[in-house]
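Working notes, structure below.
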Amino acid sequence: AGDPFYAAANASLASLNYNVLEEDEDDAHKRKANQLVASEVDAPSVGATAAAAAAMSEAASASHPAPAEGSEEPVSGPPKPGSRMLLSEELRLEKGKLLTDSLTTGRNFMLSFNITPYSKVPAWSSIMRITKTNTDEGHHFDRMPSFFFEPGTTSLFASMDRWGVRNNAFVGSEEELPLGVPTQVTARLEGDSWSLSINGASRHIRSGYTNAKFPSFRNVAVWISDSFHDAADASVSVLNYTILPDSPPTPTLQKMIVRPMRIERGKMLTNKLESGRNFELSFDITPHGKSQDVTSILRLTKTMDNVGHYYDRMPAFFFMPDSLLMHVVMGREGKHEAHTHANVELTLKKTARIVARMEDDIWTLHVNGQQAGKREDYYGVQYPASSNVSVWVGDKFHPAALAFINELNYTALPEKEETGPTIAPVSTMLASTEQQIRAGTKLTEQLTTGQNFEISFTITPTGRVDGWSTVVRLTKTKEVSGHYFDRMPAFHFPPGSTELFGVMGRDDGHETYVASYSELQLGKSVQVTARLEGDIWSLSLDGKVVDTAADYCGRKYVGMKNVSVWLGDLLYAPSNASVSFLNYTILDDDISVADCNRQRNTNTLTLLPLVEPIGKVLISDPRRVQAQRLLVNPLETGPSFEVSFDIKPRSKQANMSSIFTVTKLPADASSTLDNLPSFFFLPQSTTIAAVLDKEGRTYSVSSPYELEINTTSRVIARLKGGRWGLSVNGDVATPVNYDGSPYPDNAVFAVYLGGMQQPPADAYIMSLNYTILSPQGENSADGNAGESGEDAGGGEGANEGAAGSAGENDGKNEGGTSSGDGKSTAPKSPSPGNKETDDGFVVGMSRWLGLLCLLVGLCAFGLLLILMHRWSDDSSGDDGRQVRAN
């Protein structure tokens with residue numbers, strides 16, 4: 001713009017665009033692309049600007065069509081380079097104005113627009129924000145990028161975030177933009193640099209973006225002034241976003257053997273190989289004998305199976321019996337035993353160089369530089385790239401080949417762009433109208449899945465099935481379970497129940513699941529949503545997350561094509577239920593394990609309380625005990641209370657297992673929960689322990705016997721009158737003394753199913769109530785409101801024994817001693833103003849007064865007998881005196 005050979009023209013340029021057209025195009029098409037100057041800075045014309053913008057957009061689209069609204073790029077690979085005109089006409093900025101939420105971004109891109117400032121705003125003012133979040137800054141994808149005017153100026157500030165870098169990575173214009181005059185702004189992220197140009201002149205470049213760029217994303221929002229700052233007093237036009245090509249991937253060589261190694265049965269080299277859809281595998285082999293069996297040379301695998309499943313042989317090399325002819329298996333979708341035979345036999349004690357190559361449609365085998373085998377028909381059905389692949393020099397299923405192996409190398413090759421319909425939709429509606437689940441109902445076999453996804457449906461159970469039954473299954477196999485892509489995911493009901501299980505396999509466990517932990521009501525429709533994103537596989541019912549499973553980062557199944565969707569499969573009985581609005585949505589792939597963990601993890605996913613208490617009722621319907629699940633928050637507590645529930649144990653656990661806990665918040669896995677109270681099953685038992693803490697001490701009372709398996713028992717625990725007691729089905733355990741209230745002041749309390757330190761009890765709990773009691777009286781938890789603690793314990797002596805080996809003599813138990821049964825007792829020192837302690841004092845005085853009255857009565861009765869006897873003697877005369885003498 002102004003060359004070094006002539007004087008500069010007295011003019012300015014904006015929106016200079018250059019388009020490479022296909023050769024030998026017709027003249028009319030070329031004329032459209034020759035619109036070089038879209039607008040003149042000194043004499044802007046809205047109409048001319050719009051026309052120029054339209055011409056630029058049309059010319060650019062001729063070479064690189066823009067993604068359509070709501071369309072998706074291929075599941076794997078970057079989006080195609082191209083331009084998208086987001087805004088052509090001039091638009092005045094408004095705070096929080098959304099332009100679009102369907103932009104597809106690129107790792108490398110160029111963003112350009114014309115801006116006309118009208119005045120200066122005292123504070124930071126927003127021009128534009130491209131984002132995937134609802135936050136201003138400090139998180140990934142907040143600003144990708146964002147443009148501002150600095151306070152009180154029209155100096156441009158362009159912020160483009162990076163992976164793992166929390167400081168604002170920005171470029172600026174330095175000088176202020178002129179008021180009332182359009183200025184062209186171009187920002188570009190390419191290679192290592194984020195740069196800003198004003199009217200074609202470079203103003204600022206910032207480096208440090210190598211290996212720190214955000215990935216390509218779908219459905220990105222573009223805001224013409226965000227909602228966090230005041231809008232800049234300006235207008236914007238000719239807003240264009242161009243995806244630039246990514247640098248081609250560099251093949252990665254992975255060396256695994258660098259010196260001769262004897263092949264041995266079951267010898268694993270590594271389980272961390274990164275495989276590719278296309279790859280080259282090479283090694284030297286020196287045979288020193290033959291075997292009468294098929295012998296194993298080398299196996300790459302992600303499974304513990306021999307043959308017939310995804311990733312069993314990717315590839316595997318063998319020697320045929322009594323021969324040095326090589327048999328090579330390279331599985332693929334639909335034929336996991338696909339193989340080729342070498343057409344040349346190796347020579348004993350002579351080293352041969354083996355090169356096997358998978359590229360697009362063809363699998364080839366070379367021996368000493370000559371092609372020795374070939375197989376085609378791999379296009380579109382190759383195993384996808386994967387991580388954590390195991391390499392065995394001699395597998396565990398066959399005898400080891402009698403040979404040495406050396407120079408073993410693996411190179412993942414770049415994937416070539418596929419042709420044909422590869423674009424996957426954002427969402428696929430698999431079933432809209434209500435359908436009854438029937439065995440073998442296949443909805444489709446052409447679903448494209450994502451590494452991350454959300455699946456949702458409405459289900460109405462109508463009955464129970466004796467065995468396991470299937471609701472929905474997504475699969476690439478015909479196997480029940482235990483292999484890659486068997487359940488991706490699958491939803492089932494267990495025998496005789498409508499509790500919903502959602503199984504989503506992963507590399508280290510194909511049976512990982514989430515569950516509803518409560519039965520779905522018959523005849524009632526429930527909205528089910530399951531989501532795999534970040535580190536979490538979660539299950540929601542009617543919009544509330546009920547269960548999660550973690551540790552999916554680095555272990556997820558890859559996105560696949562031609563996945564079958566079954567509404568009731570052929571492997572289990574169909575569930576007695578109907579399903580409607582079955583929808584599958586592909587979410588953005590993970591870029592790395594670190595990125596995956598940042599996106600969604602146990603810290604970022606907040607589980608809301610499962611229930612809203614109705615009065616004293618916390619749970620009404622049966623619910624299986626769940627690990628560390630927040631049930632109620634906050635819980636209203638009182639110094640005297642009763643906890644009652646029905647429980648149905650299903651089995652005994654080897655260790656102490658937790659039923660539920662009342663605790664003060666915050667509570668997390670790093671801190672011990674307070675038992676206020678807590679209920680447990682003892683190890684290898686269904687004996688209930690009711691535990692209540694205070695000031696670092698634990699007060700525990702156990703049920704008088706074990707609860708019956710698969711039988712519902714009624715449990716009542718009560719703190720009242722200085723006693724902590726427990727009854728099961730009306731049978732009362734010996735209570736323990738407990739002085740005062742367990743609840744500290746200024747604390748918030750919650751109820752958790754299961755505990756943090758113990759595994760969850762294998763039991764169903766229902767009819768869980770927490771009732772605040774009046775502090776009057778001395779009833780302990782015997783399950784009958786009219787009975788006292790003395791009656792519940794089997795008489796006064798029983799209660800005295802529970803209070804300590806010395807009873808209550810002279811206050812010697814004031815420090816908190818152990819009772820005769822090994823349970824801790826509470827301190828007995830009365831505290832001023834403690835009404836429960838005063839009541840206990842009155843009770844004690846009443847006992848002594850009762851004894852005193854009994855003694856007085858006995859004395860009066862004896863005196864009366866003596867007087868009557870004397871009166872009888874006086875009335876008997878001499879005979880009476882004789883008798884008295886005798």
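Coordinate-derived values only; no laboratory data. These numbers come from a predicted model, not from an experiment. Glycine also receives a Cβ, built like all others from the backbone with ideal geometry; neighbour counts cover every protein chain displayed.
The SER525 and LYS349 beta-carbon pair, evaluated with R₀ = 56 Å, returns a calculated FRET efficiency of approximately 0.15. Taking the alpha carbon gyration tensor of the range 316-403, multiplying each eigenvalue by 5 and rooting it gives semi-axes of 23, 17, 12 Å, largest first. Relative contact order, whole percent, for the range 317-360 stands at 28, derived from Cα pairs under 8 Å and 6 or more residues apart.
Label-to-label distance, VAL480 versus LEU570, with points set 7 angstrom from Cα along the beta-carbon direction: 1.6 nm. Take the Cβ atoms of GLU264 and ALA550, set R0 to 35 Å, and the FRET efficiency comes out at 0.40. Take the cross-link list LYS267/LYS561; LYS255/LYS561; LYS97/LYS213; LYS478/LYS556; LYS272/LYS396 and give me the ones stretching past 22 Å between alpha-carbons. The pairs that break the limit, which is 22 Å between Cα atoms, are LYS267/LYS561; LYS255/LYS561; LYS97/LYS213.
Per-residue 3J(HN,Hα) values for the range 230-237, derived from phi via the Karplus relation 6.51 cos²θ - 1.76 cosθ + 1.60 with θ = phi - 60°, read 5, 6, 5, 7, 6, 10, 10, 8 Hz in sequence order (x marks Gly and Pro).
The simple Förster model, with R0 at 51 Å and r as the Cβ-Cβ distance, assigns ASP466 and SER227 a FRET efficiency of 0.40. For the range 114-218, the list of trypsin sites (Lys or Arg not before Pro) that fall in a loop by DSSP and count at most 16 other C-beta atoms within 10 angstrom reads ARG166.
Under 1.5 on a/c is rounded, so check that first for the range 451-545, then, if it is not, pick prolate when a/b is larger than b/c and oblate when it is not; a ≥ b ≥ c are the square roots of the alpha carbon gyration tensor eigenvalues. In terms of gyration-tensor shape, oblate. With θ taken as phi - 60° and the Karplus curve 6.51 cos²θ - 1.76 cosθ + 1.60 applied, the whole-hertz 3J(HN,Hα) list for the range 449-456 is 9, x, 4, 10, 6, 9, 10, 9 Hz, x standing for glycine and proline. Taken one residue at a time, the phi angles of the range 320-327 give Karplus couplings (6.51, -1.76, 1.60, θ = phi - 60°) of 6, x, 6, 7, 10, 6, 8, 10 Hz. Gly and Pro are set to x. Other residues with beta-carbon under 13 Å from the beta-carbon of VAL367 carry, at +1 per Lys or Arg and -1 per Asp or Glu, a net charge of +2. Approximating the spin labels as points 7 Å out from Cα along Cα→Cβ, the ARG438-to-MET766 distance works out to 3.4 nm.
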